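The values are calculated or read from the model by the stated rules, or taken from the named source; none is laboratory data. Being a predicted model, the structure only gives us computed values, none of them experimental. Neighbour counts are summed over all protein chains in view; Cβ atoms, including those assigned to glycine, are modelled from backbone coordinates with ideal geometry.
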C-alpha cells in the first residue's frame, strides 16, 4: 500500500539521505535545481507522470533554459522519484522525457591559431601571476576552478608535471529560508579529473625559476595565501581579451582551444582525453573530433588513388 506524501515531503527526506554520500558542491547544486525548478513545478503533487515531465521540458525550453540544464533537473527528479518508490511513497511509473531534435550543432568556442599565438605572446612578454594562470590554461587545458585552486606545492618541476588535486568554486547554500554563498576548495570534478599534466618545455622553464622563490602554500595566480575566485578571474580574463582585441570567448574556450590544438596536431585521442580529465574518451571524441571539409576531401582523394 502506497503511503501518500507530496513530492516536497519526499524531496526533504531524499536530501537528508543524499547529504551523507555526496560532495558538498554536488549537494549544493542539487539544492539549487530543487529550489528553483522541481519544487515550484512538482512540489505539491502526490505523483508525477510522464506527461507532466514532458510538459515541464517544453515549458523550460520555452523559458530559455538549455537542454543540458533541463536534463540535469530531470536526473535529480528521477533520483527523488526512485527514492519515493523504494520507500513506498510512490508507485513505479516509466518516465522518458523527449527533447526536440536539434537542427544544428553548436560550434565550440575556440581561439583561432593566430589569436592563440597573439595571446600567448602577450602573456610571455607581460608577466603577472594572473597572466601566468591563463598561459598555464592554454598549455594544459585545465578548468578555471582547477587554475584558481592551483598552489605552488602542486607544481612539480622535478617531475615536470602539474598535479591537479583541487578545484575552487563558489557554491550556493540553501538552509531553510536562509541562503548564502560559500567559497569552497574541493577535490576535482570526477576521479578522472585528478591527474598529472606534463608541462611543455617553455612552461617548465618559466615555472622552474619561480618555484625557487615562491611560498609552496600560496596559490599560483594570486601568489598569496588567499586565492582569487573564479568569477573575479573571469572578469580579469574578459578585460584582457578586450584590451588585446581578441574574441571574447568564455574562459572555458581556452580549454577547448588547448584540446583543439592537440587534435589538430594529430595527438592520440585517448591521451587528449586523459590530459583533459574526461571520464571517458567518447566525451573527447564528441566534443573535438569533427573532420573538416579539407580532411574529408583528402580522405576521398586518398581512397580514389588506391583504386
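Output the residues belonging to the range 18-35 that are out of contact with any helix residue (DSSP H, G or I) (no Cβ under 7 Å at 6 or more places or on another chain) and not in a loop (DSSP other than H, G, I, E, B). Lay out the reasoning, then the answer.
Initial filter on the range 18-35 (out of contact with any helix residue (DSSP H, G or I) (no Cβ under 7 Å at 6 or more places or on another chain)): 20-26, 28-29, 31-32, 35.
Matches in the range 18-35: 24, 25, 26, 28, 29, 31, 32, 35.
Which pairs turn up if I take residues in the range 74-92 that are outside the structural domain of residue 45 (by TED's automatic domain parsing) and free of Cβ contacts under 8 Å to residues at least 60 places away in the same chain and look for partners that are part of a helix (DSSP H, G or I) and surrounded by fewer than 20 Cβ atoms within 10 Å (Cβ to Cβ) with beta carbon separation below 6 Å, at least 6 apart in sequence or on another chain?
Listed by first residue and then by second, the contacts come to 92/85.
Go through the range 224-242 and report how many residues are assigned to a helix (DSSP H, G or I) and either within 27 Å of residue 211 (Cα to Cα) or out of contact with any helix residue (DSSP H, G or I) (no Cβ under 9 Å at 6 or more places or on another chain) (or both).
12
Check 138, 168, 150, 185 and return the single one that is assigned by TED's automatic domain parsing to the domain that holds residue 232 and closer than 18 Å to residue 208 by Cβ.
150
What residue, among those in the range 48-71 that are in a helix (DSSP H, G or I) and in contact (Cβ under 8 Å) with a residue 40 or more places away in the chain, is nearest to the chain's Cα centre (by Cα)?
The selected residue is 57.
Tell me, which residue of the range 249-266 that is part of a loop (DSSP other than H, G, I, E, B) and under 16 Å from residue 120 (Cβ atoms) is modelled with the highest pLDDT?
The qualifying residue modelled with the highest pLDDT is 251.
From 90, 77, 45, grab the single residue that is assigned to a loop (DSSP other than H, G, I, E, B) and either buried (at least 16 other Cβ atoms within 10 Å of the Cβ) or touching a strand residue (DSSP E or B) at 6+ places or on another chain (Cβ under 6 Å) (or both).
Residue meeting the stated conditions: 90.
Answer with yes or no whether residue 224 is out of contact with any strand residue (DSSP E or B) (no Cβ under 8 Å at 6 or more places or on another chain) and surrounded by fewer than 19 Cβ atoms within 10 Å (Cβ to Cβ).
Considered against the rule, which asks whether it is out of contact with any strand residue (DSSP E or B) (no Cβ under 8 Å at 6 or more places or on another chain) and surrounded by fewer than 19 Cβ atoms within 10 Å (Cβ to Cβ), residue 224 comes out as yes.
Look through 288, 269, 219, 237 and report the one residue that is touching a strand residue (DSSP E or B) at 6+ places or on another chain (Cβ under 6 Å) and either closer than 26 Å to residue 154 by Cβ or not assigned by TED's automatic domain parsing to the domain that holds residue 135 (or both). If you could, list the steps in order and put the result at the bottom.
Values: 288 fails: touching a strand residue (DSSP E or B) at 6+ places or on another chain (Cβ under 6 Å); 269 fails: touching a strand residue (DSSP E or B) at 6+ places or on another chain (Cβ under 6 Å); 237 fails: touching a strand residue (DSSP E or B) at 6+ places or on another chain (Cβ under 6 Å).
Only one candidate passes the filter, namely 219.
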